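**Student:** I am attaching a structure below and will ask some questions about it afterwards.
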Amino acid sequence: MSDTHAHSIAFVRETEIPPAPPPAGETGPVKWLRENLFSNAVNSALTIAALLVIYLLLSKTLPWLLNGVWTTSSLAECREVLQGKTGACFSVLTERWNQLLYGFKYPSDQYWRPNLALVLLLFAIAPVLFFDLPRKLLAFTAVYPFLAFWLIWGGTILAPIVALVGFVAGAFVFQTYGKSSFAVGFFGAIAAAFAVWIIGGMLIPDGASDNAMLQAVPSRDLGGFMLNLMLGVTCVSLSLPLGIALALGRQSDMPLIKWICVVFIEFVRGVPLITLLFVASVMLAYFFPPESTVDLFLRVVIMITMFSAAYIAEVIRGGLAALPKGQYEAADSLGLDYPQAMRLIILPQALKISIPGIVNVAVGLFKDTTLVSVISMFDLVGMIRGPILASTEWNGVYWELLGFAALLFFVVCYGISQYSQWLERRLATDHR
Amino acid sequence: MSELMSDRAIDRSKMQVSDEVAIEINGMNKWYGSFHVLRDINLTVNQGERIVIAGPSGSGKSTLIRCLNALEEHQQGKIVVDGTELSNDLKNIDKIRSEVGMVFQHFNLFPHLTILENCTLAPIWVRKTPKKEAEERAMHFLEKVKIPEQAHKYPGMLSGGQQQRVAIARSLCMMPRIMLFDEPTSALDPEMIKEVLDTMIELAEEGMTMLCVTHEMGFARQVANRVIFMDAGQIVEQNEPEEFFNNPKSDRTKLFLSQILGH
Ligand SMILES: Nc1ncnc2c1ncn2[C@@H]1O[C@H](COP(=O)(O)OP(=O)(O)OP(=O)(O)O)[C@@H](O)[C@H]1O
Ligand SMILES: [Mg+2]
């Protein structure tokens, strides 16, 4: 302190100091190793222990994977080929490939239909996931559910067309009357859609599906990983809008709406999904008219959607609560009405905050679609536990089958998680 | 108290008060639960008036101006803004809100939209202005608040003063007849306060009707034609700035002024 003051406090730099390279050993892989893996004794010990564990794991699994047998037709044959050596019996996957993917009842000459539906799905969700793509592509997204329904279930094309017309009629009514009064537009739209469906349903002749262009496939013939994907995609895309509606309803000033939403959310969250699925498989039939045999697939979709919508609603409620009150006030003070404020200001921000939570629910939902195996639907896990493991050829091949199932689910879930991280980065506009 | 006065002379040629009534408040009362925040407020503001509302913290200044565009509900009395009475009718409320601009202490810009989108959103959706026209108007007002070059940035990238000027431009894009300011400079550093005040002074020079809650007494002296002092939910004193500052009548005003001006 004192000796700096003893000189002069004033200082002016007259010569520029040139930049110099860092001292040796301060860059490169050696430095990285030293800093990250061997910075002190404990760290070094942990590094060595971790390497040991990795070695043990690989030394056991690698021979099993690399010695795998891919071409035999039963476990017994497989064992013969291996002659006591360690090695996986992957032939179960090649031999039962179609069953694992499509179930064991889907007509094998029709596999192109779900395949095509899957390819078209990529085109349909692209503009939803990547909003830099032209908005016109959304037109295909809107038609896709009906197209996919027709491709997978086949039968008369009139059914999906009537369904589509019903939605269009509802949207039209909402467009025309929703502006003056939201309630009139909303309930008018529902009434119009149902009117079209009922009248259209009566107009479709009874035998329309018998000689249709695409052979009709009943829901109970769907199976394999295809069934998981169908349930996952349908339920995620239905439960997101339902979850948003529930979250907004829970915040509503109108007590009736608020209470309906609260009771729904709390009830559904308080019940295990598996019980809801049992309800779907046996009891839900009581709620529909006795002569209508409501499709099991539809019943399961309703239950899973309700379940995940309740969770998504709570996630979004957190996002809504995290927004400062000033955002609502600014939107109000500019004269935006409630739907505009929600759609343009509040939801874009609340949803952005909720992305990690929503993805969490979506990933969980997708994996939970395997629970339908418990109510004797033959999804991927149902196929493995049922027809494949019960067969005389493949009785006892657990690791290969379940490992394969895990791999398929991991690929999809990892993809979802990577997408959500990209989305969060893409939407990061606040530099606070 | 630092006097952050504008260094340039103020052009008073257009700062004229007309006979037309912009806001009329009659016997207004408001309660938060059982707490009586605003007590028997009577106030008439003519078109073109610049009013500064001052008073200690918690005296109800914010609550008063937030009642004017129905961000807060009042329970008793009558408020008429620009010829439209504030009632529970949502149509009236939306009409008044689109005629009255509001600037907040914490800017409240929409962080997910660019500056330009912040400014065009309400004109496009509320006024149904064509997008192109709305963007031209937005650029016009952004130039006026001197930040046209920031139009394509996001609010989070701007300084506080810049954000507040964007907030002013955003309100102006709705072509309001009345502007409400709730402590627009309280969240800013001193050097940014000046740029925001300059923008507000320009606005006053163009004849905008303004109600400002602010502690910037320099601004009040220079620009206001009336200063209102509130305490405990009541209007205690109102006067022309010269008289108000040099010759306050009520003891509470004297006390407040001595504290805020540090005499
Ligand atoms: N939402 C609310 N619920 C209950 N009391 C409130 C609410 N908002 C404000 N108040 C109370 O009303 C009184 C007036 O608040 P207001 O915000 O209008 O004061 P102010 O004059 O703007 O003060 P400041 O200078 O601190 O901004 C305060 O006592 C405050 O505690
Ligand atoms: Mg205040």
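The values are calculated or read from the model by the stated rules, or taken from the named source; none is laboratory data. Predicted, not measured: the structure shown is a model, and the values here were computed from it. Note: ideal-geometry Cβ built from the backbone for every residue, glycine included; neighbour counts use all protein chains shown. The accessibility values were calculated without ligands, DNA or RNA, using every heavy atom of the protein model including side chains. Shrake-Rupley method; radii C 1.70, N 1.55, O 1.52, S 1.80 Å.
**Student:** Roughly how far apart, in whole Å, are the Cα centres of segment A:239-281 and segment A:64-98?
**Tutor:** Each part reduced to its Cα centre gives a spacing of 48 Å.
**Student:** Taking the Cβ-Cβ separation of B:Q259 and A:R426 as r and a Förster radius of 56 Å, what is the calculated FRET efficiency to the nearest 0.05?
**Tutor:** So, using R0 = 56 Å, E works out to roughly 0.65.
**Student:** Between A:A321 and B:H215, what is the label-to-label distance in nm when each label sits 7 Å out along the Cα-to-Cβ direction?
**Tutor:** Placing both labels 7 Å beyond Cα along the Cβ direction yields 3.2 nm.
**Student:** Sort all Cα-Cα distances of the protein assembly as shown into consecutive 10 angstrom bins from zero, then give the percent of pairs in each bin up to the one containing the longest distance.
**Tutor:** P(r) over the protein assembly as shown, rounded to whole percents: 2, 11, 17, 17, 15, 13, 12, 8, 4, 1, 0.
**Student:** Something else: Could you order peptides A:116-124, B:215-223 by the average number of other Cβ atoms within 10 Å of their residues, highest first?
**Tutor:** B:215-223, A:116-124
**Student:** If you don't mind, another one. Suppose accessible area is computed on protein heavy atoms with a 1.4 Å probe; arrange A:W150, A:W422 from highest to lowest.
**Tutor:** So, going from the largest accessible area down, we get A:W422, A:W150.
**Student:** Turning to a different aspect of this structure: I'd like to know which of A:G403, A:F278, A:I190 lies farthest towards the positive end of the charge dipole of chain A, counting +1 on Cβ of Lys and Arg and -1 on Cβ of Asp and Glu.
**Tutor:** A:I190
**Student:** State, in square angstrom and to the nearest 100, the accessible area buried between chains A and B, both chains counted, probe radius 1.4 Å.
**Tutor:** For chain A against chain B, roughly 2100 Å² becomes buried.
**Student:** Stretch A:A20-A:V165 to full length: gain in nm at 0.36 nm per residue minus the Cα-Cα span?
**Tutor:** 44.9 nm
**Student:** Any chance you could tell me what percent of the C-alpha pair distances in segment B:52-122 go past 15 Å?
**Tutor:** Of all Cα-Cα distances in segment B:52-122, 63 percent exceed 15 Å.
**Student:** Dividing the convex hull volume of the alpha carbon atoms of segment A:22-91 by its residue count, what do you get in Å³ per residue?
**Tutor:** Residue-normalised Cα hull volume stands at 111 Å³.
**Student:** Under a Cβ-only charge scheme (Lys and Arg +1, Asp and Glu -1), can you give me the dipole magnitude of segment B:74-136 about the Cα centre, in debye to the nearest 20?
**Tutor:** Value, rounded to 20: 120 debye.
**Student:** Could you state the accessible area per residue of chain A in Å², with a 1.4 Å probe and every protein chain left in place?
**Tutor:** For chain A, the solvent-accessible area averages 59 Å² per residue.
**Student:** For segment A:290-432, what % of the accessible area comes from carbon and sulfur atoms, probe 1.4 Å?
**Tutor:** So the carbon and sulfur contribution to the accessible surface is 64 percent.
**Student:** While we're on this one: So which of A:K179/B:K95; B:K30/B:K249; A:K258/A:K367; B:K78/B:K254; B:K91/B:K128 end up more than 19 Å apart, counting from Cα to Cα?
**Tutor:** Result: B:K30/B:K249; A:K258/A:K367; B:K78/B:K254 exceed 19 Å.
**Student:** Could I ask something else about it? Show me, for segment A:32-40, the HN-Hα J-couplings you get by feeding each phi into the Karplus relation (A = 6.51, B = -1.76, C = 1.60, θ = phi - 60°), rounded to Hz, glycine and proline as x.
**Tutor:** Calculated HN-Hα couplings, in order: 4, 4, 4, 6, 9, 10, 10, 6, 8 Hz.
**Student:** Place a +1 charge on the Cβ of each Lys and Arg in chain B and a -1 charge on the Cβ of each Asp and Glu, then give the dipole magnitude about the Cα centre in debye, rounded to the nearest 20.
**Tutor:** Roughly 480 debye, rounded to the nearest 20.
**Student:** For segment B:130-213, what ratio Rg/Rh do Cα atoms give with a Kirkwood hydrodynamic radius?
**Tutor:** Computed over Cα atoms, the ratio is 0.95.
**Student:** To continue, here is another question. Counting only C-alpha contacts under 8 Å and six or more residues apart, can you give the relative contact order of chain A as a whole percent?
**Tutor:** 16 percent
**Student:** Turning to a different aspect of this structure: What nm distance separates the two modelled labels at A:W64 and B:E73, each placed 7 Å from Cα along Cα→Cβ?
**Tutor:** Computed distance between label sites A:W64 and B:E73 equals 6.6 nm.
**Student:** Using a Förster radius of 22 Å, what is the FRET efficiency between A:E35 and A:L57 based on their Cβ-Cβ separation? Nearest 0.05, please.
**Tutor:** Plugging the Cβ-Cβ distance into 1/(1 + (r/R0)^6) gives 0.25.
**Student:** Residue by residue through B:101-114, how many Cβ atoms from other chains fall within 10 Å of the Cβ on average?
**Tutor:** For this peptide, the per-residue mean of nearby foreign Cβ atoms is 5.
**Student:** Using 1/(1 + (r/R0)^6) with R0 = 51 angstrom and r between the beta carbons of A:N395 and A:V263, what's the FRET efficiency to the nearest 0.05?
**Tutor:** Here the calculated transfer efficiency is 0.60.
**Student:** Only Lys, Arg, Asp and Glu count, each charged at its Cβ (+1, +1, -1, -1), so figure out the dipole size of chain A about its Cα centre, rounded to 20 debye.
**Tutor:** Dipole magnitude for chain A comes out near 180 debye.
**Student:** Ignoring any ligand, DNA or RNA, what whole percent of the accessible area of segment A:57-109 comes from carbon and sulfur when the probe is 1.4 angstrom?
**Tutor:** 59 percent
**Student:** Can I ask one more? A:A212 versus A:Y338, label points 7 Å from Cα toward the beta carbon: distance in nm?
**Tutor:** Here the modelled spin labels are 4.1 nm apart.
**Student:** Which of A:I358, A:P387, A:V374 sits closest to the plus end of the dipole of segment A:319-387, meaning its Cα is farthest towards the positive end, when Lys and Arg get +1 and Asp and Glu get -1 on the C-beta?
**Tutor:** The residue sitting most towards the positive pole is A:P387.
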